1. Kindly indicate the residue of the range 354-364 that is open to solvent by 10 Å² or more (accessible area, probe 1.4 Å) and hydrophobic (A, V, I, L, M, F, W, C) and also nearest to Ala154 (Cα to Cα) among those meeting that condition.
2. Tell me, which strands (runs of 3 or more DSSP E) wholly within the range 204-293 include 1 or more residues that are open to solvent by 10 Å² or more (accessible area, probe 1.4 Å)?
3. Output the residues belonging to the range 297-320 that are open to solvent by less than 20 Å² (accessible area, probe 1.4 Å), farther than 15 Å from Met360 by Cβ and within 22 Å of the chain's Cα centre (by Cα).
4. Please state which of the following conditions Ala367 fails to meet, knowing it meets all the rest: (1) open to solvent by 20 Å² or more (accessible area, probe 1.4 Å); (2) in contact (Cβ under 8 Å) with a residue 40 or more places away in the chain.
5. Which one of Arg384, Arg338 is open to solvent by 10 Å² or more (accessible area, probe 1.4 Å), of a type in the set (Lys, Arg) and within 23 Å of Arg227 (Cα to Cα)?
6. Filter the range 147-177 for residues that are open to solvent by 60 Å² or more (accessible area, probe 1.4 Å) and at pLDDT below 50 and give the result.
7. Ala392 fails exactly one of the following numbered conditions: (1) open to solvent by 30 Å² or more (accessible area, probe 1.4 Å); (2) modelled with pLDDT of 95 or more; (3) within 15 Å of Ala321 (Cβ to Cβ). What is the number of that condition?
Amino acid sequence: MMAATAPTFASTHAAPPPLAGQRVRVLIADDSAVVRGLVARWIGEAGHEVVATAANGRIAVEAMARHDPDVILLDIDMPELDGTQALPLLLAKSPGVQVIMMSTLTTRNADISLRCLALGAVDYIPKPESNRGVTTSDAFRTDLIERVRLFGSARARKRGASGAPIPVSPGSHAPAPVSALRPTAPLVLRPKARTGVAPRVLLIGASTGGPRAVGEVLEKIGSATLRQFPVLIVQHMPPVFTAVFAEHLGVRTGLLAAEGKADERLQPGRIYVAPGGRHMGLGGSRQDVTIRLHDGPVVNFCRPAVDVLFQDAAAIFGAAALAVVLTGMGSDGTGGARALTEAGAAVLAQDEATSTVWGMPGSIAKAGLAQAILPLGEIGPALRNLLTGQGA
């Protein structure tokens, strides 16, 4: 989500100054005085307020009651009480607080960060490996400020309107939802998606909030159904994180899951995750489809990009592709969704209320490309029905 080799939508756009009533209150918990000082300065320059800093998790927990932050930037490795130990205590004291994990880019920290998302953290930001790297990394600074604004602004607005903080859940910061096509039993798609062609592959695109959402969707589809299809996933993540993310999905589904490899043939019952920093597309023929990896220019400010996978899938699978776009910033996936729908494939989108960020699925919905716009909990069952022929 941050590394120079895997830019995302947020990493290329400076956050706008906060509007009136949107000044976010931030608590910074990091054992490095250099990091605390730099991050505090950046947050202040962006127009937000650092209400407290802490050198370990214990101090952060003690500061909660006195300062009531909207956002907590929580380092993983700290003395006395580390980030993983402090996280549940912080959430218990203030269920609406938005916790963003910070960690250096290692396999261990990637694993811990993903586990913290399952425990209630809303996002994570990989830190450069040294204080010097933190000092010189414009991408880290931009990503950090954007996430502070994104996750803290709704809580700040509600506090400004009422004079007191109001706990909010991830996704509630988004504007009012557009009309959604809700499923019946079975799910009935719009006419343009009725092709009579059975799906042969499942495609998933996601970004911010995606790790939890993707796991839930796959779990609700069920391993028995997933074993009949290859599953290809583009989740905006840096290198290292994508490999660990694939391992987590494998444990959760009981299927073989790994980063896609160049020229690897697609097989049913396998989950292929786009490697961080590389585009993952498809090549070969419809009868012998292979993974295509490349280091081409960023697409929609992203590498890997959902559009790359979706557009290749439209060319190879046509109406036999089935896709879903889940929570995430930006508009990646919209161009690919257009190619898929023009080829007769079905594209579903996560609804606004259950999205951590309704950027990517919202763009699909507003472009009129979603055959159904569903709450997260209903996406897995809807996909299962379509994959097994019960929803066509």
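1. The residue in question is Val357.
2. Passing ranges, in order: 256-259, 270-273, 279-285.
3. Hit for the range 297-320 is Ala313, nothing else.
4. Result: Ala367 fails condition (2) only.
5. Details: Arg338 fails: within 23 Å of Arg227 (Cα to Cα).
Matching residue, one of Arg384, Arg338: Arg384.
6. Hits for the range 147-177 are Ile166, Pro167, Ser169, Pro175, Ala176, Pro177.
7. Condition (2) is where Ala392 drops out.
Yes/no per residue for (1) in contact with a strand residue (DSSP E or B) (Cβ under 7 Å, 6 or more places away or on another chain); (2) open to solvent by 30 Å² or more (accessible area, probe 1.4 Å); (3) farther than 22 Å from Arg25 by Cβ:
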position: Ala63; (1), (2), (3): yes, no, no
position: Arg66; (1), (2), (3): no, yes, no
position: Pro88; (1), (2), (3): no, yes, no
position: Gly96; (1), (2), (3): no, no, no
position: Met101; (1), (2), (3): yes, no, no
position: Asn109; (1), (2), (3): yes, no, yes
position: Ile125; (1), (2), (3): yes, no, no
position: Asp138; (1), (2), (3): no, yes, yes
position: Ile145; (1), (2), (3): no, no, no
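The values are calculated or read from the model by the stated rules, or taken from the named source; none is laboratory data. This one's a predicted model, so the numbers in the text were calculated from it and none came from an experiment. No Cβ is skipped: glycine too gets one built from the backbone with ideal geometry, and neighbour counts run over all protein chains shown. Accessible surface areas use protein heavy atoms only, side chains included; no ligands, DNA or RNA. Shrake-Rupley method; radii C 1.70, N 1.55, O 1.52, S 1.80 Å.
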